Amino acid sequence: MNRKLAEAFPDAHCELDFTNPLELAVATILSAQCTDVRVNLTTPALFAKYPDARAYAEANRAELEEYIRATGFYRNKANSLIGLGEALVANYDGELPHTMEELVKLPGIGRKTANVILGNAFDEPGITVDTHFGRLVRRWGWTKEEDPVKVEHAIGELIPRKEWTLLSHRVIFHGRRVCHARKPACGACVLAADCPSFGEGPTDPVAAAALVKGPEREHLLEMVDL
């Protein structure tokens, strides 16, 4: 299934826009309960206004909140960004640390966010268990675990470590484009032959094809001869 996903999504990547580790950390914090598309619309002005950790540490709270209001939960997120800036300036010379142990101690950064940062900014393999990832690996029968940390460890035992980051992207891409929560496109899915949950969504190829989204749609439908 992992190999099929690699064929389906050869360009799978982090869909948050960033140019350095701090920008990725900020974008990931903002992505909680918010779409990547909305975050990417918000961050250009934010990154221009707050180019480094010290800028967040010294930010005017009301002004920062206005910059990120569109992402939702903006007060909590502003707390996290200011706290993150303060912690980085105080303890790490304004730079993000490179280890899981250090990252998860920072304001606003849990294990999921830390894995995003490690995998995409520092090239350290990590499994990002977001809602799409957890939902799909349970639907596929890869694990029955519900707790994200337990899911991370269970899947880590199935897939070579060097592929963890790309696996995360592939699964998330598939969840956003094909294997939707309420109505998966079963009849147009490259994993149909191996999926124990085949039939949860439409199995008719034409009906299923109408549910497939994203820029890879034509490629995905070609893979299943539609």
Verdict on VAL26 being under 17 Å from the mean Cα position of the chain (by Cα) and open to solvent by 30 Å² or more (accessible area, probe 1.4 Å): no
Yes/no for GLY141 being farther than 28 Å from GLU66 by Cβ, outside any helix (DSSP H, G or I) and small (Gly, Ala, Ser): yes
Test set (1) touching a residue at least 24 places away in the same chain (Cβ under 8 Å); (2) assigned to a loop (DSSP other than H, G, I, E, B); (3) charged (D, E, K, R) - LYS105 fails condition number: (1)
Every residue from the stretch 96-107 that is of a type outside the set (A, V, I, L, M) and farther than 17 Å from GLU58 by Cβ: PRO97, HIS98, THR99, GLU101, GLU102, LYS105
Answer residue from the stretch 125-152, given it is charged (D, E, K, R) and within 15 Å of the chain's Cα centre (by Cα) and is farthest from GLU101 (Cα to Cα) among those: ARG135
Test: residue in the stretch 193-210 that is open to solvent by 30 Å² or more (accessible area, probe 1.4 Å), within 12 Å of ALA8 (Cβ to Cβ) and in a loop (DSSP other than H, G, I, E, B): no
Residues of the stretch 27-44 that turn out to be touching a helix residue (DSSP H, G or I) at 6+ places or on another chain (Cβ under 6 Å) and either part of a loop (DSSP other than H, G, I, E, B) or under 24 Å from TYR92 (Cα atoms) (or both), as a count: 7
Matching residues, the stretch 90-104, being in contact with a Lys or Arg (Cβ under 8 Å, 6 or more places away or on another chain) and either open to solvent by 40 Å² or more (accessible area, probe 1.4 Å) or under 27 Å from VAL37 (Cα atoms) (or both): MET100, VAL104
Breaking point among (1) over 26 Å from ALA185 (Cβ atoms); (2) surrounded by fewer than 18 Cβ atoms within 10 Å (Cβ to Cβ); (3) of a type in the set (Ser, Thr, Tyr), for SER80: (2)
Yes/no for ARG75 being in a helix (DSSP H, G or I), more than 27 Å from VAL171 (Cβ to Cβ), touching a helix residue (DSSP H, G or I) at 6+ places or on another chain (Cβ under 7 Å) and free of Cβ contacts under 8 Å to residues at least 24 places away in the same chain: yes
First in the stretch 28-48 and basic (Lys, Arg), second anywhere and in a helix (DSSP H, G or I) and crowded, with 18+ Cβ neighbours inside 10 Å, Cβ under 7 Å, 6 or more apart: ARG38/THR71
Single condition GLU146 does not satisfy, out of (1) open to solvent by 20 Å² or more (accessible area, probe 1.4 Å); (2) touching a Phe, Trp or Tyr at 6+ places or on another chain (Cβ under 9 Å); (3) of a type outside the set (A, V, I, L, M): (2)
All positions within the stretch 164-185 that are part of a helix (DSSP H, G or I) and open to solvent by less than 10 Å² (accessible area, probe 1.4 Å): LEU167, SER168, VAL171, PHE173, HIS174, GLY175
Some residue of the stretch 153-164 being closer than 21 Å to GLU15 by Cα and under 13 Å from the mean Cα position of the chain (by Cα): yes
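The values are calculated or read from the model by the stated rules, or taken from the named source; none is laboratory data. These numbers were taken from a predicted model, which means no experiment stands behind them. All Cβ positions, glycine included, derive from the backbone under ideal geometry; neighbour counts span all protein chains shown. Note: accessible area is taken over every heavy atom of the protein model, side chains too, but ligands, DNA and RNA are not part of it. Shrake-Rupley method; radii C 1.70, N 1.55, O 1.52, S 1.80 Å.
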